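K.L.:
The structure's right below; bear with me while I get my questions together.
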């Protein structure tokens, strides 16, 4: 993960509704949710939701796939983990403290 991609991801998450959407999709798992289900769960109108999903998608944080007329969105765990790794990779390197954060172990849900 490079600095520019991390900046895009953090910028996209720096808004309350987008952070809520991304967190919901992370919690949901790789199967994702249809756009309408995201809107229902978070109480967001279609136009607003569409704008926020597009911003998250363009930042690389979401995957989307078509299922007939429906669009299913899911979190891109590689971008999530890559961003966290970028931010924590050199944690405490100039300190005597051992505060390294290990995110190398993947959970089953993370492809």
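Here, each number is a calculation from the coordinates, and none is a lab measurement. Computed from a prediction, not measured in an experiment: that's the story for all the values here. Cβ sites come from the backbone with ideal geometry, for glycine too, and all protein chains shown count toward neighbours.
K.L.:
Before rounding to the nearest 500, sum -39500 (n - 2.57) across all DSSP H runs of length at least 4 in the chain and divide by the residue total; then give [θ] at 222 nm in deg cm²/dmol. Please report the intermediate quantities before stating the final value.
P.N.:
Values: 5 runs with 57 residues, N = 111.
It comes out at -15500 deg cm²/dmol, rounded to the nearest 500.
K.L.:
Determine, for 67, 76, the number of other Cβ atoms within 10 Å of each Cβ, and report the residues in order from fewest to most.
P.N.:
67, 76
K.L.:
Find, to one decimal place in angstroms, the Kirkwood hydrodynamic radius of the chain, where the mean of 1/r is taken over every pair of different Cα atoms and then inverted.
P.N.:
15.0
K.L.:
Can you give me the angle between helix 46-58 and the longest principal axis of the chain, using Cα atoms only, in degrees from 0 to 90, rounded to the nearest 10?
P.N.:
Orientation of helix 46-58: about 40 degrees from the principal axis.
K.L.:
In degrees, nearest 10, range 0 to 90: what is the angle between the Cα axis of helix 16-28 and the longest Cα principal axis of the chain?
P.N.:
Compared with the principal axis, the helix lies near 90 degrees.
K.L.:
Hey, another quick one. Give, in nm to one decimal, the length gained when the segment between residue 24 and residue 67 is fully stretched (0.36 nm per residue of separation minus the Cα-Cα distance). Let's see the in-between values first.
P.N.:
Details: separation 43, 0.36 × 43 = 15.48 nm, distance 1.99 nm.
Roughly 13.5 nm would be gained on extension.
K.L.:
Can you give the three extents of the C-alpha atoms in the range 1-44 along their principal axes, from longest to shortest, in whole Å?
P.N.:
Dimensions of the range 1-44 along the principal axes of its Cα atoms: 34, 22, 14 Å.
K.L.:
Here is a follow-up. What whole-number distance in Å separates the alpha-carbon centres of the range 83-97 and the range 55-76?
P.N.:
After rounding, the separation between the Cα centres reads 31 Å.
K.L.:
Mind sorting 27, 40 by how few other Cβ atoms lie within 10 Å of their own Cβ, fewest first?
P.N.:
27, 40
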